[in-house]
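Peer 1: Got a structure for you, questions after.
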There are 2 protein chains.
Amino acid sequence: MVPMSTGLRERKKLATRSALHLAALQLVAERGLDEVSVDDIAERADVSPRTFFNYFPSKIDAVVGLDPAAPQRQVEAFLSRPADESPVEAMRAVAREQAAEMSENTELWPLRLTVIDAHPAALARLAAAFGESEQVLAAAIGERTGTRVGADAYPALLAGVAAAAMRTSLHRWFAGDFTAALPDLVDETWDLLAAGLPAPR
Amino acid sequence: MVPMSTGLRERKKLATRSALHLAALQLVAERGLDEVSVDDIAERADVSPRTFFNYFPSKIDAVVGLDPAAPQRQVEAFLSRPADESPVEAMRAVAREQAAEMSENTELWPLRLTVIDAHPAALARLAAAFGESEQVLAAAIGERTGTRVGADAYPALLAGVAAAAMRTSLHRWFAGDFTAALPDLVDETWDLLAAGLPAPR
DNA sequence: TGCAAACTTGCATAGAGTGCAATATTCGAC
DNA sequence: GTCGAATATTGCACTCTATGCAAGTTTGCA
């Protein structure tokens, strides 16, 4: 159960998914979102148009190409932080880890963010994905702090703030042509938050 | 130019838009999102299916039914706050005003939020709308604080945090069956933010 | 009253997205 | 290696979304 790195079947699926995502990114970068059809993407990735929808529920999802397991991994990382850390500290540490991972593949995230930022529909889909992520994260925060998500403001707020922090950091990374170190940007952002968002200067 | 409350033409357009939005809300509340087609919505609102798309770019937009001018009004409210207020104070005041407005019509927002919360696609669209709103708001914050949106983290972060605060407050309002006063929920949320998100208890 | 601008509608069309059944591939046991 | 079960791919048929365009209505205004 839950194999770490398995046989041919699993690897092929990952490869196909990755090929579809990359094909979508490249085609949209070349021509723009509206000039690219699902058929185009499937053709470049060497699968049938019908197979495309076995991997992504929509065209825009293939462009954004987020890992559907990412929210769950984020939750696990958060819950396994040392118990003496405050929720904010733990969340911040998880964000820094995530940032470090994103920085590792020096090609994928910059390409992704560049394409996404140029297309409002993709930006919208990304915002929606962050929103979904927030919900499972809020549940985890509620679990850790012993508060109820509906009743208390804290869990949903911290989840929302964490998502905003990551989005802000990613956007600054992009705006600076990916020359800065993403984990550093994340740290700066969380410094502002911990201080209660003091006015600049 | 820019008439406050104008002739028959303007009023009819607003009425049609409102009728389409309400029809979408009611139908989706009755049957669920996938059992409602654009044709159904147009029929209940007594316009042709083609006219539907003169008012909303997609079915889900009709369900969510947000005012496309809202982000701009938010920006204007923010920029016209007294100059001695800090950005956080100004943003918080704007949020409280918005909350008060939303509470005024005791039918619309509760129905909206109930329908939206029951349908992930609508929730995603709402998250995307908040994201769009953040962008223009960030520009305004940058203007007020004299910082550059791409270079400095502050404007985008405060905009993102403000959006998270509003979403959190709306969700708590909904979770408590709309018995609480929304402006109070907003205040509590901003208290947490200003204190740097201290751990509960 | 009558002209111009703005709105509605029908028609045609491209493309997204889904269910279903047939085919092909991989896995695991032997 | 071979075979059967499980899983993945594909083609087909179909519905619905969404948009451009042109013709017909309604409204605003002089």
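Peer 1: Considering only region A:111-123, state which residues are in contact (Cβ under 8 Å) with a residue 60 or more places away in the chain and part of a helix (DSSP H, G or I).
Peer 2: Those that are in contact (Cβ under 8 Å) with a residue 60 or more places away in the chain and part of a helix (DSSP H, G or I): A:Leu111, A:Arg112, A:Leu113, A:Thr114, A:Val115, A:Ala121, A:Ala122.
Peer 1: For residues in region A:60-76 being more than 13 Å from A:Ser133 (Cα to Cα) and within 14 Å of another protein chain (Cβ to nearest Cβ), which is nearest to DNA strand D (Cβ to nearest atom)? Walk me through it before giving the result.
Peer 2: Step one: of region A:60-76, the residues more than 13 Å from A:Ser133 (Cα to Cα) are A:60-65.
If we keep only those that are within 14 Å of another protein chain (Cβ to nearest Cβ) as well, we get A:60-61, A:64.
Numbers: A:Ile60: 11, A:Asp61: 15, A:Val64: 17 Å.
Going through the qualifying residues, I end up with A:Ile60.
Peer 1: Among the residues that make up region B:110-128, is at least one of them facing chain A (nearest Cβ under 10 Å) and touching a Lys or Arg at 6+ places or on another chain (Cβ under 7 Å)? Reasoning before the result, please.
Peer 2: The first filter runs over region B:110-128 and keeps only residues facing chain A (nearest Cβ under 10 Å), leaving B:120-121, B:123-128.
Next, only the ones that are touching a Lys or Arg at 6+ places or on another chain (Cβ under 7 Å) stay: none.
So far as region B:110-128 goes, no, none of its residues is facing chain A (nearest Cβ under 10 Å) and touching a Lys or Arg at 6+ places or on another chain (Cβ under 7 Å).
Peer 1: Any residue in region A:12-21 that is assigned to a loop (DSSP other than H, G, I, E, B), buried (at least 19 other Cβ atoms within 10 Å of the Cβ) and either more than 8 Å from DNA strand C (Cβ to nearest atom) or among the hydrophobic types (A, V, I, L, M, F, W, C) (or both)?
Peer 2: Applying the first criterion (assigned to a loop (DSSP other than H, G, I, E, B)) to region A:12-21 yields none.
Checking region A:12-21: not a single residue is assigned to a loop (DSSP other than H, G, I, E, B), buried (at least 19 other Cβ atoms within 10 Å of the Cβ) and either more than 8 Å from DNA strand C (Cβ to nearest atom) or among the hydrophobic types (A, V, I, L, M, F, W, C) (or both).
Peer 1: If I ask for residues that are at the interface with chain B (Cβ under 7 Å from one of its Cβ atoms) and under 17 Å from the mean Cα position of the chain (by Cα), which ones from region A:166-184 would you list?
Peer 2: Hits for region A:166-184 are A:Arg167, A:Thr168, A:His171, A:Arg172.
Peer 1: Filter region A:186-201 down to residues that are within 9 Å of another protein chain (Cβ to nearest Cβ) and buried (at least 20 other Cβ atoms within 10 Å of the Cβ) and give me whichever is nearest to the chain's Cα centre (by Cα).
Peer 2: Step by step, filter region A:186-201, then rank; the result is A:Thr189.
Peer 1: Can you tell me which of A:Val149, A:Val161 is assigned by TED's automatic domain parsing to the domain that holds A:Arg96 and more than 14 Å from A:Leu193 (Cβ to Cβ)? Walk me through it before giving the result.
Peer 2: Details: A:Val161 fails: more than 14 Å from A:Leu193 (Cβ to Cβ).
Exactly one of A:Val149, A:Val161 is assigned by TED's automatic domain parsing to the domain that holds A:Arg96 and more than 14 Å from A:Leu193 (Cβ to Cβ), namely A:Val149.
Peer 1: Spot the failing condition for A:Asp152; the list is (1) more than 9 Å from chain B (Cβ to nearest Cβ); (2) touching a Lys or Arg at 6+ places or on another chain (Cβ under 9 Å); (3) assigned to a loop (DSSP other than H, G, I, E, B), and only one is missed.
Peer 2: That leaves (1) as the condition not met.
Peer 1: Now for a different question. Would you say A:Ala83 is away from DNA strand C (no atom under 15 Å from the Cβ) and either among the hydrophobic types (A, V, I, L, M, F, W, C) or within 30 Å of B:Leu192 (Cα to Cα) (or both)?
Peer 2: Working: away from DNA strand C (no atom under 15 Å from the Cβ): yes; either among the hydrophobic types (A, V, I, L, M, F, W, C) or within 30 Å of B:Leu192 (Cα to Cα) (or both): yes.
Yes, satisfied.
Peer 1: What do you reckon, is B:Leu158 in a helix (DSSP H, G or I) and out of contact with any helix residue (DSSP H, G or I) (no Cβ under 6 Å at 6 or more places or on another chain)? Step through it out loud before you land on a result.
Peer 2: Working: in a helix (DSSP H, G or I): yes; out of contact with any helix residue (DSSP H, G or I) (no Cβ under 6 Å at 6 or more places or on another chain): no.
Answer is no for this residue.
Peer 1: Is there a residue being β-branched (Val, Ile, Thr), at pLDDT 95 or above and over 23 Å from B:Asp117 (Cβ atoms) anywhere in region B:46-57?
Peer 2: Start the filter on region B:46-57 by keeping residues that are β-branched (Val, Ile, Thr), which leaves B:47, B:51.
Imposing the further condition that a residue be at pLDDT 95 or above reduces the set to B:47, B:51.
When the remaining residues are screened for being over 23 Å from B:Asp117 (Cβ atoms), the result is B:47, B:51.
Yes; the residues of region B:46-57 include at least one that is β-branched (Val, Ile, Thr), at pLDDT 95 or above and over 23 Å from B:Asp117 (Cβ atoms).
Peer 1: Would you mind telling me which numbered condition in (1) under 15 Å from A:Leu197 (Cβ atoms); (2) of a type in the set (Gly, Ala, Ser); (3) not in a helix (DSSP H, G or I) B:Ala138 fails?
Peer 2: Status for B:Ala138: all satisfied but (3).
Peer 1: Only residues that are in contact with an Asp or Glu (Cβ under 9 Å, 6 or more places away or on another chain), assigned to a helix (DSSP H, G or I) and crowded, with 21+ Cβ neighbours inside 10 Å: list them for region A:25-51, please.
Peer 2: Once the filter is applied, which keeps residues that are in contact with an Asp or Glu (Cβ under 9 Å, 6 or more places away or on another chain), assigned to a helix (DSSP H, G or I) and crowded, with 21+ Cβ neighbours inside 10 Å, region A:25-51 yields A:Leu27, A:Val28.
Peer 1: Also, I was wondering about something else. Out of A:Ala99, A:Ala118, which single residue is buried (at least 16 other Cβ atoms within 10 Å of the Cβ) and away from DNA strand C (no atom under 11 Å from the Cβ)? Don't jump to the end; show me each part of the working.
Peer 2: Numbers: A:Ala118 fails: buried (at least 16 other Cβ atoms within 10 Å of the Cβ).
Step by step, each of A:Ala99, A:Ala118 is checked, and only A:Ala99 is buried (at least 16 other Cβ atoms within 10 Å of the Cβ) and away from DNA strand C (no atom under 11 Å from the Cβ).
Peer 1: A further question follows. Would you confirm, using the coordinates I've provided, whether A:Ala140 is among the hydrophobic types (A, V, I, L, M, F, W, C) and within 12 Å of another protein chain (Cβ to nearest Cβ)? First the steps, then the outcome.
Peer 2: Details: among the hydrophobic types (A, V, I, L, M, F, W, C): yes; within 12 Å of another protein chain (Cβ to nearest Cβ): no.
Against the criterion (among the hydrophobic types (A, V, I, L, M, F, W, C) and within 12 Å of another protein chain (Cβ to nearest Cβ)), A:Ala140 does not qualify.
Peer 1: Scan region A:52-69 for residues that are surrounded by fewer than 13 Cβ atoms within 10 Å (Cβ to Cβ) and either away from DNA strand C (no atom under 11 Å from the Cβ) or touching a residue at least 40 places away in the same chain (Cβ under 8 Å) (or both) and jot them down.
Peer 2: Residues of region A:52-69 surrounded by fewer than 13 Cβ atoms within 10 Å (Cβ to Cβ): A:57-58, A:67-69.
Result: A:Asp67, A:Pro68, A:Ala69.
The values are calculated or read from the model by the stated rules, or taken from the named source; none is laboratory data. Keep in mind that this is a model prediction, so the values were computed, not measured. Every residue, glycine as well, gets a Cβ built from its backbone with ideal geometry; the counts of neighbours run over all protein chains shown.
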